Amino acid sequence: MKLSLKIQDWLNSQEQEKKEKTSFWATEAETPVFDLYHKWIGTEVTNEISAEKTMMFNAAKMMELSLVETLDNMGLLKMPEDEQWRIEGEREGVPVSGYVDAVFKDGSPLEIKSFYGYYQIADLKAGKPKESYLKQLAIYMDFMDADKGVLIYIERGTGEMFEFILERVEGLKFRCNDIEFDLSDTYKRWARLYKNNIIPGVEPKSEYRYKIPIEEIDWKTISNADISKARNGRKVISDHWSVQYSPYKDLIIEREGTGLGYTKEELAKIKELTKGYSTKS
């Protein structure tokens, strides 16, 4: 299939996902339950993705599609019957779906991710891909009854690629290098959310806080760079990075009863507690 057709297929799939949500997507293996719940019930997002990030995501997708076309031209891929590889079904009594980037001729699904930045390269060179990506790939393997899957990272600036093999150990247990997980934990987590919250319409409490109370922070575990940013009001210390990028960040903050950023009083307290941790004031 020509790249232009693949692009149109992908755009069509994105439009489909904007409609009413009727299943858990493979890409949501580690999405916080608060975000999942509000996606399901159709809550309007409080924090839209910026135009710049949208352009970045689209450019990244073009790189991924280009690699698929290259592998196809090399004769390494199996072509789907309906333009795209799609998985769909139920696990633990809840609907699950997703689109697979490509499938090798031996039946192994391929997931491609692009990235930019030094810190991710350091992790990748150490053999540590993101577990959320591995779980996404494992879901495809589960539905396609495959014992092997391939995850490829592409560095957007240089084109450097990293390849990881995910293997089925037994049943729903998978392994990639030193990373092991049981996919049934993901399915059970979704099932609990579906039955206890989505169906009865009960909002779950956010798993992560936007702003950890200053007195609870163990500053010894925070990097000097983040301490410096916090001291200068350029970063809030959260339980998890996902809160900062949540499409419902403002709603999380509202439920938390805090506020965006640190107050003058909080900044003064942070500077007092972090004396000596950072050379920057």
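The values are calculated or read from the model by the stated rules, or taken from the named source; none is laboratory data. All of these numbers come straight from a predicted model, not from anything done at the bench. Methodologically, a virtual Cβ is constructed for each residue, glycine included, from the backbone with ideal geometry; neighbour enumeration extends over all protein chains shown.
Structural remarks
- On the stretch given as the stretch 257-270, residues that are exposed (fewer than 15 other Cβ atoms within 10 Å of the Cβ) and assigned to a helix (DSSP H, G or I) total 4.
- Of all the listed residues (Gly98, Gly75), the sole one being assigned by TED's automatic domain parsing to the domain that holds Ile139, at pLDDT 90 or above, assigned to a strand (DSSP E or B) and of a type in the set (Gly, Ala, Ser) is Gly98.
- For Glu180: the one exception among (1) surrounded by fewer than 15 Cβ atoms within 10 Å (Cβ to Cβ); (2) charged (D, E, K, R); (3) within 20 Å of the chain's Cα centre (by Cα); (4) within 30 Å of Ile41 (Cα to Cα): (4)
- Extreme residue, nearest to Ile253 (Cα to Cα), among residues of the stretch 30-58 that are part of a loop (DSSP other than H, G, I, E, B) and among the hydroxyl-bearing types (Ser, Thr, Tyr): Thr46
- Filtering the stretch 172-192 for residues that are in contact with a Leu (Cβ under 9 Å, 6 or more places away or on another chain), of a type in the set (Val, Ile, Thr) and at pLDDT below 95 leaves an empty set.
- Hey, Trp219 within 28 Å of Lys130 (Cβ to Cβ), free of Cβ contacts under 8 Å to residues at least 12 places away in the same chain and out of contact with any strand residue (DSSP E or B) (no Cβ under 6 Å at 6 or more places or on another chain) or not: no
- Residue within the stretch 27-35 that is surrounded by 13 or more Cβ atoms within 10 Å (Cβ to Cβ), of a type outside the set (Asp, Glu) and over 18 Å from the mean Cα position of the chain (by Cα) present: no
- Checking each residue in the stretch 55-72 for being within 11 Å of Asp101 (Cβ to Cβ), of a type in the set (Val, Ile, Thr) and either out of contact with any strand residue (DSSP E or B) (no Cβ under 7 Å at 6 or more places or on another chain) or not assigned by TED's automatic domain parsing to the domain that holds Glu155 (or both) picks out no residue at all.
- Checked against (1) touching a Phe, Trp or Tyr at 6+ places or on another chain (Cβ under 8 Å); (2) surrounded by fewer than 16 Cβ atoms within 10 Å (Cβ to Cβ); (3) under 19 Å from Tyr133 (Cα atoms), Gly157 passes all but condition (3).
- Some residue of the stretch 5-12 being assigned to a loop (DSSP other than H, G, I, E, B) and either more than 21 Å from the chain's Cα centre (by Cα) or modelled with pLDDT of 95 or more (or both): no
- The set of residues in the stretch 101-134 being outside any strand (DSSP E or B), of a type outside the set (A, V, I, L, M) and closer than 18 Å to Met63 by Cβ consists of Asp101, Tyr116, Gly117, Gln120, Pro129, Lys130, Tyr133.
- Residue in the stretch 237-256 that is surrounded by fewer than 17 Cβ atoms within 10 Å (Cβ to Cβ), farther than 29 Å from Glu90 by Cα, over 24 Å from the mean Cα position of the chain (by Cα) and modelled with pLDDT under 95 present: no
- Ser132 being in the same structural domain as Thr27 (by TED's automatic domain parsing) and under 18 Å from Leu76 (Cα atoms): no
- Options Glu64, Glu69, Glu83: the member that is part of a loop (DSSP other than H, G, I, E, B) and either basic (Lys, Arg) or farther than 30 Å from Lys188 by Cα (or both): Glu83
- First in the stretch 191-206 and of a type in the set (A, V, I, L, M), second anywhere and outside any helix (DSSP H, G or I), Cβ under 6 Å, 6 or more apart: Ala191/Glu92; Ala191/Gly93; Ala191/Val94
- Any chance Glu111 is on the phi < 0 side of the Ramachandran plot, touching a Leu at 6+ places or on another chain (Cβ under 8 Å) and loosely packed, with under 14 Cβ neighbours inside 10 Å: no
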